[in-house]
Amino acid sequence: MKRTSPTWLTTGMLMLIALLLGAILARLSMAPVPSNVLPLAQQDTTASPTAGHSATPTETIPPNTPLATLTPSNTLRPPPTFEPPTATRPPTLTPSITPTATIILDISIPGLHGAETATPSSTPGCTPRADWKLTYTVQRDDTLARLAVLYNTTVAELVEGNCLSDPNLIRVGQVLRMPGDTPPEIPQYDCTFEVMTPFDGTLAIPAEGEVAFNWRGPRAHFNLIRIVRPDNTIFERVIELRQNESIDVVANLNQSGTYRWYVFPLDRNFVQIPCLEGGPWYFTKPQSPTQTPTPSATPMP
């Protein structure tokens, strides 16, 4: 009888065995692990079992990791308290004195004096001349220079004969001794002034050209015209035997503003006669154009 090869049988048995093994392994993997059984890696392999007893695995508690220490945070401070600033009183303003313009009156003209108030003192130990019999009482605007001309003498002799300490200082009402036998004839003057042009207080003064000054006053040999500019500077001119004069505006009166002017009558010795000056009179004018200097001729080489 012929034996048949069991190939198909062998193959089927192998498949069946594999299926069974897979089922067993799956079952084992799903079974719960006891809590007292540690994995092999965590078992203490150094402990020796007690004789007669089986080794009981010891449960190892994993090390306790301490919690991280909390770092304290900055404590919030209370908000600052704002106090209103203390009010400071402003410094007291000290009023300043505004300087005022000063009229310049220090121009000296021989024989031209105002009303002196100082009383001259005589020279100590001096005696007035007893041989001078004539006397003269000083009047307003008198000067020793004028009196010396009237009495045909000199200022030095009058100072020495009257024991005067200052030849430029005599007072109204002072009695002086004079040389001679008969008093001289003192000329009489009509001291009335009348202004013609420019009219007192006028505004019709041109900015350029000339201004004519005319007046009527005492018959004097000389007349001094004094004009005070708006900045208190002074322009003066002496004319002879006339009571009128033309003055260039641009050259001498170029400032704008109000001017005042006077006339002083003088005798032949440029001494003011016994009359008060005429004025002050006023006029106002605009600013004059700047005067262009005349170019000088260049010499030929």
Q | Filtered residue count, the range 256-271, keeping only those that are in a loop (DSSP other than H, G, I, E, B), surrounded by 16 or more Cβ atoms within 10 Å (Cβ to Cβ) and under 35 Å from the mean Cα position of the chain (by Cα) | A | 0
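For residue 201, state whether it is surrounded by fewer than 15 Cβ atoms within 10 Å (Cβ to Cβ), touching a helix residue (DSSP H, G or I) at 6+ places or on another chain (Cβ under 8 Å) and either more than 21 Å from residue 134 (Cα to Cα) or at pLDDT below 95 (or both). Break it down stepwise before answering.
Details: surrounded by fewer than 15 Cβ atoms within 10 Å (Cβ to Cβ): yes; touching a helix residue (DSSP H, G or I) at 6+ places or on another chain (Cβ under 8 Å): no; either more than 21 Å from residue 134 (Cα to Cα) or at pLDDT below 95 (or both): yes.
Against the criterion (surrounded by fewer than 15 Cβ atoms within 10 Å (Cβ to Cβ), touching a helix residue (DSSP H, G or I) at 6+ places or on another chain (Cβ under 8 Å) and either more than 21 Å from residue 134 (Cα to Cα) or at pLDDT below 95 (or both)), residue 201 does not qualify.
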Q: Being touching an Asp or Glu at 6+ places or on another chain (Cβ under 7 Å) and crowded, with 16+ Cβ neighbours inside 10 Å is the filter; apply it to the range 220-249 and report the residue that is farthest from residue 149 (Cα to Cα).
A: 249
Q: Kindly indicate the residue of the range 115-154 that is surrounded by fewer than 16 Cβ atoms within 10 Å (Cβ to Cβ) and closer than 14 Å to residue 274 by Cβ and also modelled with the highest pLDDT among those meeting that condition.
A: 137
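The values are calculated or read from the model by the stated rules, or taken from the named source; none is laboratory data. Since the structure is predicted, the reported quantities are computational estimates derived from the model, not experimental observations. Neighbour counts are summed over all protein chains in view; Cβ atoms, including those assigned to glycine, are modelled from backbone coordinates with ideal geometry.
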